[in-house]
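A quick write-up on the structure given underneath.
The values are calculated or read from the model by the stated rules, or taken from the named source; none is laboratory data. Since the model is a prediction, treat every value here as computed from it, not as a measurement. Here Cβ is always computed from backbone atoms with ideal geometry, including for glycine, and neighbour counts include all displayed protein chains. Note: areas computed on protein heavy atoms with side chains; ligands, DNA, RNA excluded. Shrake-Rupley method; radii C 1.70, N 1.55, O 1.52, S 1.80 Å.
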Amino acid sequence: MSSHPVGRLLGPQFTVPHRARFATLPKDSRGRFWPEQESATRTCYQRDRDRIVHAASFRRLKHKTQVFVQHEGDYYRTRLTHSLEVAQVTRSIARVLGLDEDLAEALALAHDLGHPPFGHAGEAALNECMRDFGGFDHNAQALALVTRLEKRYADFDGLNLTWEMLEGLVKHNGPLTGAGHKPLPEAVASFNAQWDLELGSQAGLEAQVASLSDDIAYVNHDVDDGLRAGLFALDDLFAVPLAGPVFRKLSTQHPHLDLGRLIGEAVRRIITILVNDVVAETQARIASARPKSAADVRGLKVPLAAFSEPVMHEIRVLKEFLYVSMYRHARVMQAVSRAQDAVRELFGAFLIKPELLPADWLAACSTPGDSRTARVVSDYIAGMTDRFVAAEYTRVLGRDCAI
């Protein structure tokens, strides 16, 4: 039992700051593409977050792979649980920095909406299928979902999110135009022609924080999942920067701790290290740049939110370890290969016979094999869950799916 009295919080206790002047403020929003009456009980960014949570594409993340295929077990992370963890970290950092927590949370919840089934393996397969038709990009797909593919409202397609939400969704990893950038994905270019998202500038600070929180969440939960799945052992981690020192110290302090508790405690500590580093580095950059508004943040040459260089190096090394020990593990690669084959075969079948698509999707097609039909097929497959791929594979190709 604890020696501290029950029913009291131990200090130091965090006090919520006022909104910073460089935060993205609801009163300064550039509004929505389709005019709507705003809510009397929620800010525009709260409303954006709520629309994400109620979206069909958000619910489908429950059965979309993070690393492991869906049938590997109910314990491992999915795109939905990953998005929730990213949102938790994002909101925490946004609160400390005095940002708009609702916008930051909404961006975190929406950041993976465009991922197809089977994680990055599915994206690679779909991009290969779309090579002659403009390719596939999950960030562009997320924009397509929230501006066109979601069908929930009587007066418009999509979710009609605010400009700041759309801008952050496509630019959370940085500007998309300028020297050295690839051509814009079609979904981004076509929407930007209708409503300028200022693709050459930085995103708002809320989106920058969401991007870093994505890194924090996934390196930690992949360490967690990889250890529990037996893809690598504790001894393998001991020599890896960032995670290794934490696990070594805990193993010394608590030599008899069961593996589940050890992993949970270690992950908690690593997340704290990374969150504290982002906050400290970002606050230092804010003090140096002295932005007076969200517009000032967007006008800077470099992002304000960042890891310190030493910690960024440690994250890179940890990611390299995870790539070799987890993402390229034979057990994972076998499932990846089967999943990619299923995506390719389904795409090919739908492309030459679009009449195999549901009626509403068929209505959006043109000639079999052309670019428009390919994009419709890509949109349809990208929206599938892992298990729906297996069901459609059996329906369309007449044999069981091997995934």
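Here are some notes:
- Any chance Asp50 is among the acidic types (Asp, Glu), modelled with pLDDT of 95 or more and surrounded by fewer than 19 Cβ atoms within 10 Å (Cβ to Cβ): yes
- The stretch 151-166: number of residues that are surrounded by fewer than 22 Cβ atoms within 10 Å (Cβ to Cβ), within 19 Å of Gly31 (Cα to Cα) and touching a Gly at 6+ places or on another chain (Cβ under 9 Å): 1
- Residues located in the stretch 192-209, provided they are assigned to a helix (DSSP H, G or I), open to solvent by 10 Å² or more (accessible area, probe 1.4 Å) and small (Gly, Ala, Ser): Ala193
- Pairing each residue of the stretch 227-249 that is modelled with pLDDT of 95 or more with any residue that is open to solvent by 40 Å² or more (accessible area, probe 1.4 Å) and not in a helix (DSSP H, G or I), provided the two are 6+ apart or on different chains, yields C-beta distances under 7 Å for Gly244/Phe238; Phe247/Phe238; Arg248/Phe238.
- Pair list, Cβ under 6 Å, 6 or more apart: the stretch 301-316 residue more than 18 Å from Arg290 (Cα to Cα), other residue aliphatic (A, V, I, L, M) and in a loop (DSSP other than H, G, I, E, B): Glu314/Leu242
- Among the criteria (1) touching a Phe, Trp or Tyr at 6+ places or on another chain (Cβ under 8 Å); (2) under 18 Å from Val240 (Cβ atoms); (3) open to solvent by 60 Å² or more (accessible area, probe 1.4 Å), the one Val324 does not fulfil is (1).
Okay, residues lined up against (1) surrounded by fewer than 20 Cβ atoms within 10 Å (Cβ to Cβ); (2) hydrophobic (A, V, I, L, M, F, W, C):
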residue: Ala217; (1), (2): no, yes
residue: Val223; (1), (2): no, yes
residue: Arg228; (1), (2): yes, no
residue: Ala233; (1), (2): yes, yes
residue: Phe238; (1), (2): yes, yes
residue: Leu242; (1), (2): no, yes
residue: Asp258; (1), (2): yes, no
residue: Ala266; (1), (2): no, yes
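- Among residues of the stretch 325-349, those that are at pLDDT below 90 and small (Gly, Ala, Ser), counted: 3
- Remark: pairs (first residue in the stretch 185-214, of a type in the set (Ser, Thr, Tyr); second residue part of a helix (DSSP H, G or I) and open to solvent by 40 Å² or more (accessible area, probe 1.4 Å); Cβ separation under 9 Å; 6+ apart in sequence or on different chains) = Ser213/Glu85; Ser213/Gln88; Ser213/Arg91; Ser213/Ser92.
- Against the test of being among the basic types (Lys, Arg), touching a Phe, Trp or Tyr at 6+ places or on another chain (Cβ under 9 Å), assigned to a loop (DSSP other than H, G, I, E, B) and more than 26 Å from Asn220 (Cα to Cα), the options Arg399, Arg375 yield a single qualifying residue, Arg399.
- Long-range neighbours under 9 Å by Cβ, at least six apart or interchain, first residue touching a residue at least 40 places away in the same chain (Cβ under 8 Å) within the stretch 375-386, second assigned to a helix (DSSP H, G or I) and of a type in the set (Lys, Arg): Asp379/Arg148; Gly383/Arg60; Met384/Arg60; Thr385/Arg60; Thr385/Lys62
- Residue match in the stretch 354-372 (condition: open to solvent by less than 20 Å² (accessible area, probe 1.4 Å), more than 23 Å from Leu231 (Cβ to Cβ) and in a helix (DSSP H, G or I)): yes
- Looking across the stretch 344-353, the residues that are open to solvent by less than 50 Å² (accessible area, probe 1.4 Å) and closer than 17 Å to Ala391 by Cα come down to Leu346, Phe347, Gly348, Ala349, Phe350.
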